[in-house]
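What follows draws every value from the coordinates through simple rules; no lab data is involved. All of these numbers come straight from a predicted model, not from anything done at the bench. FYI the Cβ positions are ideal-geometry reconstructions off the backbone, even for glycines, and counts take in every protein chain you see.
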Ligand code: ATP
């Protein structure tokens, strides 16, 4: 049986500042419980696609001028990121964006702000996050601004997990991290997917690592989807090998 579609994007166009056409008809579908990779080079439109879903586009003067997005079969109006979070859909932005002056633990706790479950549930979620990121437990009293890039990426993902999302939009988790850390982060993403059932749509320039961990992928070029398929098919595709996987 084909898995249920959680998120569906149908032929969207996105324009910034009323003039710059950045997405030129992007369609994609994200199966529930999967890891879907959104690949492509610098400026291809990956971040814009994620922001169109999460509602963050508005604050950057971007508009969806054509097409539609639906989540759990319902059309997203996309006006407000907080609304999306309450529906179970959360974006982890590129560049990590910690609150630098708060401790690691305080950063994580900001992720639970929409919840009404009370202290015990929040404490349990914090333990769940520390279970996936033991390093964050060690660093919980440290000011986030003084932690490493890898730790800040962990904080960003951990904070998103505190909202108990059904789906995480993860923008460029590998950015600026050493290969070993990239591997660690992706391994944890895979565990969150398998053990917590979180659906991921992740934007990555690192095609190699993304296609090892994702189930399916889309390749964007210049605001259009130019290829899509299972991760395995994409890994073995001669064009993908030549243009996106280098010699590896
Ligand atoms: P990157 O990995 O560099 O973020 P990307 O594939 O995520 O690449 P986007 O960030 O979506 O690409 O950018 C797509 C295009 O839109 C680029 O040409 C970029 O310059 C432009 N763009 C992005 N944000 C804005 C904005 N706020 N205003 C105007 N143009 C923008």
For the range 18-54, name all the residues that are touching a strand residue (DSSP E or B) at 6+ places or on another chain (Cβ under 8 Å), without any contact (Cβ under 8 Å) to a residue 60 or more places away in the chain and more than 23 Å from residue 87 (Cα to Cα). 18
Residue in the range 150-159 that is within 16 Å of the ligand (Cβ to nearest atom) and either in contact with a helix residue (DSSP H, G or I) (Cβ under 6 Å, 6 or more places away or on another chain) or closer than 26 Å to residue 55 by Cα (or both) present: yes
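For (1) buried (at least 21 other Cβ atoms within 10 Å of the Cβ); (2) near the ligand (Cβ under 9 Å from one of its atoms); (3) more than 24 Å from residue 235 (Cβ to Cβ), each residue gets a yes or a no:
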{"position": "3", "(1), (2), (3)": "no, no, no"}
{"position": "7", "(1), (2), (3)": "yes, no, no"}
{"position": "11", "(1), (2), (3)": "no, no, yes"}
{"position": "25", "(1), (2), (3)": "no, no, yes"}
{"position": "43", "(1), (2), (3)": "no, yes, no"}
{"position": "60", "(1), (2), (3)": "no, yes, yes"}
{"position": "65", "(1), (2), (3)": "no, no, yes"}
{"position": "68", "(1), (2), (3)": "no, no, yes"}
{"position": "72", "(1), (2), (3)": "no, no, yes"}
Exactly one of these conditions fails for residue 98: (1) over 20 Å from residue 174 (Cβ atoms); (2) more than 16 Å from the ligand (Cβ to nearest atom); (3) in contact with a helix residue (DSSP H, G or I) (Cβ under 6 Å, 6 or more places away or on another chain). Give me its number. (1)
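Of all strands (runs of 3 or more DSSP E) completely enclosed by the range 164-248, which ones contain at least 3 residues that are within 16 Å of the ligand (Cβ to nearest atom), crowded, with 19+ Cβ neighbours inside 10 Å and in contact (Cβ under 8 Å) with a residue 60 or more places away in the chain?
Result: 167-171, 199-204, 216-221.
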The one condition in (1) out of contact with any strand residue (DSSP E or B) (no Cβ under 6 Å at 6 or more places or on another chain); (2) in contact (Cβ under 8 Å) with a residue 24 or more places away in the chain that residue 59 fails to fulfil: (2)
